[in-house]
Structure formats: structure tokens, C-alpha cells
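Working notes, structure below.
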Amino acid sequence: MGQVRIHNFTVSLDGYATGEGQSLESPFGHAGMRLMSWAMGTHTFQGMFGELGDNNELDDSFARRWNDGIGAEIMGRNKFGPQRGPWADETWQGWWGDNPPFHTPTFVLTHHVRPSMVMQGGTSFHFLDASPVEALALAREAAGDRDIRIGGGPSTVRAFLAADLVDFMHVVVAPIVLGRGVRLWDGLESLEERFTIVPTSSSSGVTHYTCARR
């Protein structure tokens, strides 16, 4: 049975994983791209756009692990798009264009179910009103022997951590203070007792934490 993994999930010094005021123009709200600036210059992320990144080999060594052995992804609705409530526009296909980077079945958690979508490159989006346990069962069936990635946002990651369903987590702490938005760690007291945690500091200013289930 595959593992449940989280990769490249970035929080601010004060624990926020996204800013306030998400919109079509600002996927991370008032945080802009400050949370992900460490990753956006890497070979891994720039390669998605056919470009070369910088030579920060440490950051890239973490960034490129995100897709190794992944057979399905689970994400929250707010990672998929900025709409709230009933879908006003079912033509919205996510932030990533016709060929999203996932290339696997991708399960979107939402209280407002809509028809599945098959995209280019092997990505398919399936919209579920389901608990973490229920969603994981469907993702395991789709993934076979491969791993399942919990892609975010923070409320979805927190729910899977609270249900003790995560086997491996890579969290990046960025040297910024957001002050408002959605925090990751609330309600997860003593989480460190479940994981062996290894920190690695980068010259880009971030610290990578790998957390493996004990």
C-alpha cells in the first residue's frame, strides 16, 4: 500500500500557509508569491514552463521529489480555484491550463460536487464531498501501489494530519511574516510526537523540514 505524502508545503514564520483575500489574480491572497519564491526559481518549477531555473541545488533537490512515485493527489477546493459556494462557473478548470502538472487522478474536496474533468497529460479532476478517510480510500484505489499526495491548501492538510493519515511531510518555513490568512498548525498540538523531524537550512533563507512517521 502506498504512502500518504505532502511536499513543498510552505508556511510563514507565523504559521500561515496562505494569505487573506484569495482571488483569480492572487491565488495566495495578500501573500502574493512570497511563500513560494524559494521554489519558483528552481529547475523543477521552471522546467514546467520549459525554462531553466537557478543553481540552488539544495532547494531543487527538495522540490523535485514532489512527484516521485505519486499515483493520485487529493486537494481542497481552494487549491483548485478561487470560487466559493455553489459553482457559478463550471467551465473553470483550475489554475494550470489545459495540461496540469499532476498527470494523475486528482480528487478535489468540496461541498458542491460537479462532473469530473479529463485534462491533457493524464490529469483528471474528480469532485468529492467526502471526509479525509473516504477521499483517501478512493485515491488509494486510483493510485494502486503508488503513493498519494495531499496537495493543500492548509485546511485540507490540517484535516489529514488531524486524522493521522499522513506518512511523510515536507514543510518549508519561509522567512516572512504574513499576520493573517489561513494557518496550518492550529489544533495540532504535539504533532511532533508522531514524526521524526529533520531540519535543513538553505542559502535562499528557507528551512526545509522533513517529517517521517515514527
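The values are calculated or read from the model by the stated rules, or taken from the named source; none is laboratory data. These figures come from a predicted structure and were not determined experimentally. Ideal geometry is used to build each Cβ from the backbone, glycine not excepted, and the neighbour counts take in all protein chains shown.
Before moving on, here are some points about what is shown:
- Residue count, the range 14-36 (criterion: surrounded by fewer than 21 Cβ atoms within 10 Å (Cβ to Cβ) and farther than 19 Å from Gly94 by Cβ): 7
- Screening Val166 against (1) closer than 28 Å to Asp59 by Cα; (2) among the β-branched types (Val, Ile, Thr); (3) assigned to a helix (DSSP H, G or I) leaves a single unmet condition, (3).
- Hits in the range 181-199 - residues which are in a loop (DSSP other than H, G, I, E, B) and either closer than 12 Å to Pro154 by Cβ or among the charged types (D, E, K, R) (or both): Gly181, Leu184, Trp185, Asp186, Gly187, Leu188, Glu189
- Near pairs, Cβ below 8 angstrom, 6+ apart or cross-chain, from the range 90-110 (assigned to a loop (DSSP other than H, G, I, E, B)) to any residue that is surrounded by 13 or more Cβ atoms within 10 Å (Cβ to Cβ) and among the basic types (Lys, Arg): Glu90/Arg114; Thr110/Arg77
- Test: residue in the range 33-51 that is among the hydroxyl-bearing types (Ser, Thr, Tyr), closer than 26 Å to Ala142 by Cα, part of a loop (DSSP other than H, G, I, E, B) and out of contact with any Pro (no Cβ under 6 Å at 6 or more places or on another chain): no
- From Asp186, Asp145, Asp98, Asp89, residue being surrounded by fewer than 16 Cβ atoms within 10 Å (Cβ to Cβ) and more than 28 Å from Met48 (Cα to Cα): Asp186
- Pro105 farther than 18 Å from Leu13 by Cβ, surrounded by 16 or more Cβ atoms within 10 Å (Cβ to Cβ), of a type outside the set (A, V, I, L, M, F, W, C) and touching a Phe, Trp or Tyr at 6+ places or on another chain (Cβ under 8 Å): no
- Taking the range 111-147 as the range and being closer than 27 Å to Gly19 by Cβ and part of a strand (DSSP E or B) as the test, the residues that pass are Phe125, Phe127, Leu128.
- Pairs, first modelled with pLDDT of 95 or more in the range 141-169, second of a type in the set (Lys, Arg) and surrounded by fewer than 17 Cβ atoms within 10 Å (Cβ to Cβ), C-beta under 6 Å, six or more apart: Asp167/Arg213
- Condition check for Gln83: out of contact with any His (no Cβ under 6 Å at 6 or more places or on another chain), touching a residue at least 12 places away in the same chain (Cβ under 8 Å) and outside any helix (DSSP H, G or I): no
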